[in-house]
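Readers should treat all values here as calculations from the given coordinates under stated rules, not as data from a laboratory. Keep in mind it's a predicted model, so treat the numbers as computed, not measured. Cβ atoms come from the backbone with ideal geometry, glycine included; neighbour counts cover every protein chain shown.
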Amino acid sequence: MNKMKRHLCFLLTVVMVASLLFSVNAFATNEDQHEHTYPDNFVYEDEYYHAKYCTICGAQLLDPHIDENNDYKCDDCGAVLEHDHDFGDGFVAYDKDYHVKHCTICGAEVMEPHVDANKDYKCDDCNVVLDHEHYFANNWEYLDEVYHVKTCACGAAIYELLTKTASAMLAALK
Ligand SMILES: [Zn+2]
Ligand SMILES: [Zn+2]
Ligand SMILES: [Zn+2]
Ligand SMILES: [Zn+2]
Ligand SMILES: [Zn+2]
């Protein structure tokens, strides 16, 4: 008799567990049957996809980025897509030591020191006049009837009246 009772008890447990499992299962099935409700906007997922998540169950809707206007930005989520940087007009002076350029698509910045391979005291890339002591060659050069000039490679110049005669003529003109 005792053995029988234990047996029954075991059976009952099996039935209870089974029905519990079944109801859990049924619940899950119901949950899957709703219409997914997605927000309006996609959010960035990775470099290839953006996603929306159902506001009820969190189900993910994956879609590849699209770029119909070819601006290298996803039309839906705004993510910057893979591109070759476009540095537009190139370097512009940043300070006395560096120049900088920015990608017109993503804003990526490249900063490098000025270079002056041709020794004209101007940066070969951004054209800024670099820090230097003006260097004036020894010889004056003829400028016009009144002045001669010495010029530094940077473009700075010093002028002097050509001759005393010229100077006198200039004074007479006043
Ligand atoms: Zn859902
Ligand atoms: Zn996207
Ligand atoms: Zn870029
Ligand atoms: Zn420069
Ligand atoms: Zn100079």
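Couple of notes before you dig in:
- Ranking Val100, Tyr121, Val110 by how far each Cα lies toward the positive end of the dipole of region 84-129 (charges on Cβ) leaves Tyr121 at the top.
- Here the simple spin-label model places points 7 Å from the Cα toward Cβ, and for Ala156 and Val43 these points are separated by 5.8 nm.
- R0 of 22 Å, Cβ-Cβ distance Lys96-Val149: FRET efficiency to nearest 0.05: 0.25
- If you plug the beta carbon distance of Glu68 and Asn127 into 1/(1 + (r/R0)^6) with R0 = 35 Å, you get a FRET efficiency near 0.35.
- Database remark: amide H of Tyr147 closer than 5 angstrom to the amide H of Leu162 (H placed geometrically; neighbours at sequence offset of 5 or more, or on other chains; Pro and chain starts carry no H).
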